[in-house]
Structure formats: structure tokens, C-alpha cells
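A quick write-up on the structure given underneath.
The values are calculated or read from the model by the stated rules, or taken from the named source; none is laboratory data. It should be emphasised that the depicted structure is a prediction, and the values quoted were computed from it without experimental measurement. Cβ: placed from backbone, ideal geometry, glycine included. Neighbour counts: every protein chain shown. Each accessible area value is taken on the protein alone, full model and side chains, heavy atoms only, with ligands, DNA and RNA left out. Shrake-Rupley method; radii C 1.70, N 1.55, O 1.52, S 1.80 Å.
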Amino acid sequence: MAEKMTYADAGVDIDAGNETVKRIKDSVRATYRPEVLGDLGGFGGLFALNSGKYKEPVLVSGTDGVGTKLKLAFLLNKHDTIGQDAVAMCVNDILVQGAEPLFVLDYLAVGKLDPVQAADVVKGVANACKESGCALIGGETAEMNGFYPEGEYDIAGFSVGVVEKSKLITPARVREGDVLLGLPSSGVHSNGYTLVRKIVFERKGMKGDEYVDALGKTIGEELLTPTRLYPKTCLPLIHDYDIHGMVHITGGGFYENIPRALPDDMGVTIDSAAWEMPPIFRLLQQWGNVDWHEMYRTFNMGIGMVLIVSADDAAKIEADLAARHEKVFRIGRVTRGAHEVIIKGGVFAK
């Protein structure tokens, strides 16, 4: 008679899944807003929209992953911040349309479930949700033995937000002469890591634990710095001012993302000398001998979020941010003509 088999024998450990849920419950519950109904364990997350708060509520949704930045987490065996990247990539995207993030769901797929590792990842998700003011109301942990190598995983986030229809930010709001205000990034964020890894680990032969004087930390610590969360900084501005446009500088850098916020008959001129480029980008450019146009087409170069506002409001918004001890740079203007981004100054001044 054939030997009896269990699901665990095949590589899926239900007990490990239950242990993971126990480890994350407190972190998840700490994110709940008053609108959250029910608790962990349901087939779907429940959220009662406060419809009395809005005249014409518009729901805005977004989804994204972390990309090959995950390879850094595996290499350095550090998993407590990568969840913030997953959340940030989603909530920052819906924020640019004026939406307040309401809730997030996450999807974590692993080869073999390690409850400690999974709990670290989800705690990062939960902490980012708290920082962004939204609730983590559900998710899925899928153990897929034989699909992912042991110790590796993938994570994706899904976010839903709401904006009053009259405050919805679209390209139709943008006007010629509008000013571009740039908010600093926290580093490379979560884009361009295929190129980063090729430069740092293949060309330079680094292992991740090398201390780099120009960075004041190891290269691994720099590259694992989580993506900045912008909701708490930007939502008060969206509420108090007429924001004409917003841009989350993600994959595609300046050249691909800024035109998404502009009418077809307008472009922008950027002064790259208006802010100080973080050292990591200059190092990547030098180590990889990457053309500067390619750098600005791939990375955020130190600017993670762009606000497009009227010239009259620009100084008020700068003062508002300064009063909250937030850095902001006046980095460019909207021009009428070709639907393109022209970058001048700094490394482009030659």
C-alpha cells in the first residue's frame, strides 16, 4: 500500500499559515479606521464609506509591486521594510489624482512559508498603512512550493481611495505658466533595480555590505531604503489649495511620468540644478557610465513627487510645507507646445 501523503508533504504547510496569521493580527488591527467592519478571517474585507462626507465621491484604485528590489531583500535577509515599498507604490499613485487612501490589500506569494519572514513583510505593509492613514483590511498569503525558490517571495499591493469629484486632479486643470514643485524622494524608491543590480553587483562586484563614504552607510542599506509615503504631506495641500496636477516619479522617471499629468498641447521645462541630487544617483551614473538622459528616464533622481500649481499659489504652498518642516524645490514650469519634458541646468548645462 502506498504511503499516506499530506498537503505538508507536498510542500504546503497549513499550520505555518495559521502561525503567520497569529503573528500579523495585531499589526493589521492597528491600521483599522472607524469605517472598517469585521475582522481578519473573512473572505473579503469590509469598509463602510462615509458617504455623508462627500457630495460626489469618486473611488480611485491602484495596484503595484516592488519589482526586482526584492532581490536585495533576499540577498541581505532583511524583510521588514519591503512592505512599505508595496504600499507606497500604490497609495502614491492614487494620491496624484487627489484621492485619500482608504484601504489596502496585499498579496504575498512564497515558495515555502516562513512565518517569521512573512510577518516581517506584513508588518512593513501595516506600518506603511498607518503612516498613510489607511487600513489594511485583507490580503492573501499563497504558498506555492516549486514555483518560487525557498526563501524568496513576491508581494503586490492593492489600494482604494476616495476624492470629491470637484477636487479630482486631471490634466485638464493644468495651465501654461504653472509652477512645478518637487518633493524629495527617500532614495531610489522601487524603480530601476534591474539596472541598479547590474551596475552594483555585476559591474562593481559588490556584495551589499560594503560601506560607502559618500552615502554614510552600506550600499545595501542605501538601496533597501523604503519608498517615501506622500499622503500625509500632500493631502492637506489637496484640501486647502487648487492643485492643478501631481506626478509620482516612478518607472520611466521624469520623461515618461510628467507628461501623463499634462494636456496634449503642453510640456514642461525642468531645471535640474534646482535641487541637490542625492549621492546614490551620481554613484550609479559613474559606476555604470550611464548617460544622464537615461538616468532621468529611469530614476527619480531625488524628486519623488511633483506638484503642478499656479504661479500665484506656489509661494503659499512652499510656505505651508516649510511650516511643516517639509523640503520643497521649485523645479520647473509648464510651457505651451510640444508634449515633452525638457531638462536643463546641472549636468545638462554642458
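Structure notes:
- Residue-averaged 222 nm ellipticity for the chain, from DSSP H runs of 4+ at -39500 (n - 2.57), nearest 500: -9000 deg cm²/dmol
- These residues, Val116, Val196, go from largest to smallest accessible area, 1.4 Å probe, as Val116, Val196.
- Sorting Asp265, Asp240, Asp85, Asp312 on solvent-accessible area from highest to lowest, probe radius 1.4 Å, gives Asp312, Asp240, Asp265, Asp85.
- Electrostatic dipole magnitude of the range 126-279 [Cβ: Lys, Arg +1; Asp, Glu -1; Cα centre; debye, to 20]: 140 debye
- Helix 14-29 vs. the chain, principal-axis angle (Cα, 0 to 90°, nearest 10): 40 degrees
- For the chain, the carbon plus sulfur part of the accessible surface works out to 50%, probe radius 1.4 Å.
- With respect to the chain, whose longest principal axis is taken over its alpha-carbon atoms, helix 279-288 is tilted by about 80°.
- Gain in span if fully extended, Asp291 to Thr335, counting 0.36 nm per residue against the direct Cα distance: 13.3 nm
- Estimated vicinal HN-Hα couplings, Hz - the range 112-126 in sequence order (Karplus 6.51, -1.76, 1.60; Gly, Pro = x): 10, 6, 10, x, 5, 4, 4, 5, 4, 4, 5, 4, x, 4, 5
- 30 Å Cα-Cα threshold exceeded, pairs from Lys22/Lys217; Lys69/Lys112; Lys165/Lys344; Lys25/Lys78; Lys204/Lys232; Lys69/Lys232: Lys22/Lys217; Lys165/Lys344; Lys204/Lys232
- Sorted peptide list for 319-328, 54-63, criterion being average Cβ within 10 angstrom, highest first: 54-63, 319-328
- Where the range 1-71 is the region considered: accessible area per residue in Å², 1.4 Å probe: 71 Å²
- Rolling a 1.4 Å probe over the protein chains gives Asp209 an accessible area of about 110 Å².
- For Val162, net neighbour charge (Lys/Arg +1, Asp/Glu -1) across residues whose Cβ lies under 14 Å away: +1
- Cα pair distances of the range 149-301 binned at 5 Å [whole percent]: 1, 7, 15, 18, 18, 15, 11, 8, 5, 2, 0
- Averaged over residues, the count of other Cβ atoms within 10 Å places the peptides 91-103, 36-48 in the sequence 91-103, 36-48, highest first.
- Value of D in µm² per second that Stokes-Einstein yields for the range 1-71, Kirkwood Rh from Cα pairs, at 37 °C (0.692 mPa s): 195 µm²/s
- Stretching the chain fully between Ala142 and Ala48 yields a gain of 31.1 nm (0.36 nm per residue, less the alpha carbon separation).
- Among Gly304, Gly251, Gly187, the residue with the largest mean-square fluctuation in a Gaussian network model of the chain, with springs joining Cα atoms closer than 10 Å, is Gly251.
- For the range 329-345 versus the range 144-192, the gap between their alpha-carbon centres in whole angstrom: 22 Å
- What the pair-distance distribution of the range 108-177 shows, using all Cα-Cα distances binned every 10 Å from zero, is 16, 34, 22, 15, 11, 2 percent.
- Cα gyration tensor category, rounded, prolate or oblate, for the chain with a/c compared to 1.5: oblate
- Taking only the Cα atoms of the range 18-125, the ratio Rg/Rh comes out at 1.00, with Rh defined as the Kirkwood radius.
- Note on the range 245-350: semi-axes of the ellipsoid equivalent to its C-alpha gyration tensor, largest first and rounded to whole Å, are 23, 18, 12.
- Using θ = phi - 60° and Karplus 6.51 cos²θ - 1.76 cosθ + 1.60, couplings along the range 208-220 (whole Hz; Gly, Pro as x): x, 9, 6, 7, 10, 4, 5, 9, x, 6, 6, 5, x
- Solvent-accessible ranking of Leu215, Leu307, largest area first, probe 1.4 Å: Leu215, Leu307
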